[in-house]
Every structure is written in C-alpha cells, then in structure tokens.
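First comes the structure, then the notes that go with it.
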Amino acid sequence: MQKVVLDTNALLMPFECSFNIDLELKRLIGDCEVHVPSPVIGELKRSRNKYAKAALELARKYKIDSTDQQGDDAVIELASKLNAFVVTNDKNLISKLSARGIKVIVLRSKNHLDFYID
C-alpha cells in the first residue's frame, strides 16, 4: 500500500479550497496510508489560520508519527523513512523533496491533486 505524508499546507488545502483530500488521494494513487509528522500538529495548534482547528481535526484521523526534526525536515525525514509521497504546495519544500528524489503531489487549479513533475 502506498504511503503519503501531509505537511501543514496540505492539511489546510481541503478547507481553503473546498475539496475532499481523501477522495483525491484515492483517485490519484488508490488506497493509501496517510501519515502526519508530529511537529505539524504543533504548527496547527499555534496557527492563526481560520481553518487550523478543522485541519487539526483532519490530521487526527491519520497516523501521527513522532520525529525529532521540525518543519520541512520532519516531513522530509518521514517521507524518506516511509518511501512515501508528500502532499504540499510549499515551493521551498517541493524543491527540497525533488532534490532528494521524493515524490510530490500538489494541488492543481484549487480543486484536484496531481503529481508534481519537475
């Protein structure tokens, strides 16, 4: 089964753009196991984004993985460890992931997920 790691940006996307991330992931890659690095939970708790609370609820339905890393490094570490896709629209993170050969899924046209192609 494919594994997917969501960053903070990915957890906010469904609420900012009104789409179902679970259905989109299933459409794109089939059944998958979704993981969230533990620092992302902290970021959402501290966030002033109006959708942060909803994103936090969404995150809690997935597997939360502990890591000593923070921010982008936590996402990169977990994706590497799990050989997982990463869902994000964070350009800086996409660049780091691509440089490491980690597969990326992005939001296109504010309504569907697609594979990032360098």
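Residues in the range 41-55 that are closer than 11 Å to THR8 by Cβ and without any contact (Cβ under 8 Å) to a residue 12 or more places away in the chain: GLY42, LYS45, ARG46. So, VAL40, is that one in contact with an Asp or Glu (Cβ under 9 Å, 6 or more places away or on another chain) and either closer than 21 Å to LYS91 by Cβ or polar (S, T, N, Q) (or both) or not? Yes.
Look at (1) at pLDDT 95 or above; (2) exposed (fewer than 14 other Cβ atoms within 10 Å of the Cβ); (3) out of contact with any helix residue (DSSP H, G or I) (no Cβ under 8 Å at 6 or more places or on another chain); (4) not hydroxyl-bearing (Ser, Thr, Tyr) and you find that ASP68 fails only one, number (1). Selection of the range 19-61 for residues being within 15 Å of MET1 (Cα to Cα) and hydrophobic (A, V, I, L, M, F, W, C) yields LEU25, LEU28, ILE29, CYS32, VAL34.
Each row is one residue, and each column tells you yes or no for (1) polar (S, T, N, Q); (2) over 12 Å from the mean Cα position of the chain (by Cα); (3) surrounded by 14 or more Cβ atoms within 10 Å (Cβ to Cβ).
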residue: GLU24; (1), (2), (3): no, yes, yes
residue: ARG27; (1), (2), (3): no, yes, no
residue: CYS32; (1), (2), (3): no, yes, yes
residue: LEU56; (1), (2), (3): no, yes, yes
residue: ALA79; (1), (2), (3): no, no, yes
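Counting the residues of the range 91-111 that are among the basic types (Lys, Arg), assigned to a helix (DSSP H, G or I) and loosely packed, with under 13 Cβ neighbours inside 10 Å gives 1. Every listed requirement among (1) out of contact with any strand residue (DSSP E or B) (no Cβ under 6 Å at 6 or more places or on another chain); (2) surrounded by 18 or more Cβ atoms within 10 Å (Cβ to Cβ) is met by PHE19 save one, (2). Selection of the range 64-82 for residues being polar (S, T, N, Q) and either assigned to a loop (DSSP other than H, G, I, E, B) or under 14 Å from LEU6 (Cβ atoms) (or both) yields SER66, THR67, GLN69, GLN70. Test ASP68 against the stated conditions and say whether it is without any contact (Cβ under 8 Å) to a residue 12 or more places away in the chain and among the acidic types (Asp, Glu). Spelling it out, ASP68 is indeed without any contact (Cβ under 8 Å) to a residue 12 or more places away in the chain and among the acidic types (Asp, Glu).
The values are calculated or read from the model by the stated rules, or taken from the named source; none is laboratory data. What you see is a predicted model, and the numbers here were worked out from it, not measured in a lab. Backbone-built Cβ (ideal geometry, glycine too); neighbour counts: all protein chains shown.
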